[in-house]
Amino acid sequence: MHGSAHRGRTNDAGRRRPCRAPVRSTADRIGIAWHHSRPLARHSLIAASATSVTLASMLHSAAIVAGTTATVGVLLAIAAFVDAHERRLPNRLLAVALAVTLVGAVLSLAGVVVVEAVVGMVIAGALMLCVRLARGVGMGDVKMAVVVGASVGASTTTVLAAPTAIASAAFAAATYGFIANRRQLPLGPSLWFGWAVTLVAFGVMS
């Protein structure tokens, strides 16, 4: 809360109770981010979404896995877009992305896809949780890392995918922070970048 525009209500005893901020739906948050973002940010979202679909179409995997990977990539791009605008990742969007990944893995009817999705989810989540404990990143970043790990694990079926995605995200964030001379920045865009790099390295180029 800032200034007098958000004063609390007064009860019978004369004490003020804080007003709660309005709860916005995920769709509203996306719309607000789109409306208030610069054209470059909007174009970046469109480019990231198109890149996600293109990379997924080039994977050497079952059609259902490629389809869910494309969907998850777009959802991750949108989540990163919202994070860049309000410094907070949309939990519901990440939950949907994780559900899509796991459902796609199960529907592929390939045990290795399911196993690697779960392994990737655990590894990426654990690595980002360690970063949270050491550097203080948000839990939203940990949740997005879980989705990234599950997606790249299912798409590439290699145990190296999840740590590669997190390492790539960390490198991207550190590089951007150094160039822009910023110590704090939203991690969502870097996590999407790590997801994309990993798909290229282990899914498209393999």
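Across segment 26-204, the relative contact order, built from alpha-carbon pairs under 8 Å that are at least six residues apart, equals 24 percent.
FRET efficiency for the pair Ala50 and Met205, taken as 1/(1 + (r/R0)^6) with r the Cβ-Cβ distance and R0 = 25 Å, rounds to 0.85. Taking the Kirkwood radius as Rh and the Cα radius of gyration as Rg, segment 59-120 has a ratio of Rg/Rh equal to 1.04.
Here the spin labels are modelled as points 7 Å beyond Cα on the Cα-Cβ line, and at Ala99 and Leu129 they lie 2.3 nm apart. Sorting 38-48, 168-178, 115-125, 72-82 by their mean Cβ neighbour count within 10 Å, with the most densely packed peptide first, gives 72-82, 115-125, 168-178, 38-48. Ordering 63-69, 135-141 by mean Cβ neighbour count within 10 Å, with the highest value first, yields 63-69, 135-141.
The Stokes-Einstein estimate for segment 103-206, based on a Kirkwood radius over Cα pairs and taken at 37 °C with 0.692 mPa s viscosity, is a diffusion coefficient of 242 µm²/s. Quick one, which of (i) 9, 34, 31, 15, 6, 3, 1; (ii) 8, 33, 35, 19, 5, 0; (iii) 9, 35, 42, 14, 0 is the actual P(r) over Cα pairs in 10 Å bins from 0, in percent calculated for this model? Comparing each candidate, only (i) matches the computed number.
Read the figures in this text as sums done on the coordinates, not as results from a lab. Predicted model, so just to flag it, every value in this text is computed and none were measured. Note that we place each Cβ from the backbone using ideal geometry, even for glycine, and neighbour counts take in every protein chain shown.
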